[in-house]
Amino acid sequence: MRRCKYSKCRAELPAARQCTDYTQKKGFCSIDCMVSCGMERAVIAASKKKTKELREYREKSKTLAQHVAGAQVHVNRLVVAEDRSKGCISCPSPEVSDAGHYFHKGMKYRTSPLTLDRRNLAGQCMNCNRFKGGGNQHEYRLGYIKRYGKEAFDDLCEYKASVDRGEVPSLSVDESKAIAASARKRLKEINSL
């Protein structure tokens with residue numbers, strides 16, 4: 001049995017072949033229900049349009065630091081997913097819940113490529129990253145050298161020095177969006193395995 005399409009009415013209707021009235025053929029019991037449903041749909045469409053415009057406005061008004069912070073979330077999730085099987089870089093804990101930076105991302109580096117650079121990030125347990133002073137940096141250094149080698153650590157330190165000298169330009173909005181998209185894509189591949 002068919003019912004009126006207007007959500008507040010829902011009256012029973014005859015089969016479409018047996019209807020002689022235009023409104024009943026369209027799925028409404030009366031012209032009033034048809035008009036009310038049309039108005040309801042128009043309000044919903046206007047609301048969706050307004051929400052879409054607001055979302056676009058918010059995206060356009062984001063600062064560079066906000067774009068980099070958004071990309072940081074995706075990169076951190078990727079680091080945690082990749083390093084989950086390796087364990088914490090700073091201690092023997094098998095748990096990896098955070099992505100820790102060797103060189104911390106203070107105000108000076110908030111739009112620097114160093115904050116999103118995979119070489120500067122490794123999986124850490126919550127205790128080492130959040131509660132031990134400075135992210136348990138001494139043990140982080142030893143674990144980094146053990147996992148990646150002294151040469152990789154020296155490359156990271158040289159890269160940080162070049163950032164400090166101003167030789168590496170700040171990230172742009174497009175670069176931060178591209179890094180975030182790349183991290184999301186890689187994370188999706190890891191999760192599908």
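The values are calculated or read from the model by the stated rules, or taken from the named source; none is laboratory data. No experiment lies behind these values; they were computed from the predicted model shown. Because the Cβ atoms are built from the backbone with ideal geometry, glycine has one as well, and the counts that use them run over all protein chains shown. Only protein heavy atoms, including side chains, enter the accessible area calculation; ligands, DNA and RNA are left aside. Shrake-Rupley method; radii C 1.70, N 1.55, O 1.52, S 1.80 Å.
Between their Cα atoms, which of 86/177; 108/146; 86/146 are more than 21 Å away from each other? In this structure, 86/177; 108/146 exceed 21 Å between Cα atoms. Positive end of the charge dipole of the stretch 20-138 (Lys, Arg +1 and Asp, Glu -1 on Cβ, about the Cα centre): tell me which of 80, 111, 36 has its Cα farthest that way. Toward the positive end, the furthest listed residue is 111. Using heavy atoms of the protein chains and a probe of 1.4 Å, the accessible area assigned to residue 158 is about 100 Å². Surface listing: 131, 28 arranged by accessible area from highest to lowest gives 131, 28, probe 1.4 Å. Accessible surface for residue 104 stands near 90 Å², nearest 10, in the context of the full protein assembly shown (1.4 Å probe). Heavy-atom accessible area, probed at 1.4 angstrom with all protein chains present, ranks 190, 44, 89, 179 as 44, 179, 190, 89, highest first. Helical content of the chain, expressed as a calculated mean residue ellipticity at 222 nm, amounts to -17500 deg cm²/dmol (DSSP H runs of 4 or more residues, -39,500 (n - 2.57) each, divided by residue number, nearest 500). Ranking 155, 117, 174 from most to least accessible surface, computed with a 1.4 Å probe over the protein chains only, gives 174, 155, 117. Mind sorting out which of [x] 1.32; [y] 1.00; [z] 0.96 is the real Rg/Rh (Cα atoms, Kirkwood Rh) computed from the coordinates? Of the labelled values, this structure produces [x]. Accessible area per residue for the chain, computed on protein heavy atoms with a 1.4 Å probe, is 64 Å². Evaluated with a Cβ-only charge set (Lys, Arg +1; Asp, Glu -1), the chain carries a dipole of roughly 1020 debye about its Cα centre, given to the nearest 20.
A 1.4 Å probe, protein heavy atoms only, puts the accessible area of residue 157 near 40 Å². Restricted to Cα atoms, the stretch 125-173 shows a radius of gyration and a Dmax of 13.7, 35 angstrom.
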